[in-house]
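A.B. asks: A single structure is presented below for examination.
The values are calculated or read from the model by the stated rules, or taken from the named source; none is laboratory data. Source: prediction; values computed, not measured. Because the Cβ atoms are built from the backbone with ideal geometry, glycine has one as well, and the counts that use them run over all protein chains shown. These area figures cover heavy atoms from the full protein model, side chains too; ligands, DNA and RNA do not enter into them. Shrake-Rupley method; radii C 1.70, N 1.55, O 1.52, S 1.80 Å.
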Amino acid sequence: MILWHTVDSWIEPALKAGQGYDVLRILGGLAAPMFLTLAGAGAVLKIAGDAERGKPRGTTLLELTCRGLEVVVAGYALRVFMWVVDAGAI
C-alpha cells in the first residue's frame, strides 16, 4: 500500500499511461481490501481466543476498539506529518 501511494504520487505524469501502469494500479488497489480482510480475521481470532480463555467479551471489544483508534490516530498523524514535510501536497 505504501509503495503504491509513493509511486502514484512521485511518478512523472507522462509515465502514468499505458497498459503496464494500469496493471500496477489494479495490483496496488488490492492492498486496501487485503488489509481490511486480514484486520477482520485478526479481530475474529482475538475474540475467539479471548472467549476460549474465559475473558469477558466486553473487555475484548474495548481492547479491539482502542487498537483501532490507535491505528486511525497514527494514520492521521502520518498524514499531518506529510503535509508539514511536503506543503505542496495540500
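A.B. asks: Of the listed values (i) 36, 19, 6; (ii) 30, 13, 10; (iii) 21, 18, 11, grab the one calculated as semi-axes √(5λ) of the Cα gyration tensor in Å from the structure here.
C.D. replies: (i)
A.B. asks: Evaluate the charge dipole of the chain about its Cα centre and quote only its size in Debye, nearest 20, assuming +1 on the Cβ of each Lys and Arg and -1 on the Cβ of each Asp and Glu. Write out the running numbers ahead of the final one.
C.D. replies: Values: 8 positive and 8 negative charges, 65 e Å.
That gives a dipole near 320 debye.
A.B. asks: On to the next question. So for the pair TRP4, ILE26, with labels modelled 7 Å out along Cα→Cβ, what separation do we get in nm?
C.D. replies: Going from the TRP4 label point to the ILE26 one covers 1.2 nm.
A.B. asks: Right, next: Using the heavy atoms of the protein chains and a 1.4 angstrom probe, tell me the accessible area per residue for the chain in square angstrom. Present the calculation step by step, with values, prior to reporting the outcome.
C.D. replies: Values: 7400 Å² over 90 residues.
In whole numbers, the chain has 82 Å² accessible per residue.
A.B. asks: Using a 1.4 Å probe over the heavy atoms of the protein chains, calculate the carbon and sulfur portion of the accessible area of the chain as a whole percent.
C.D. replies: Carbon plus sulfur share of accessible area: 72 percent.
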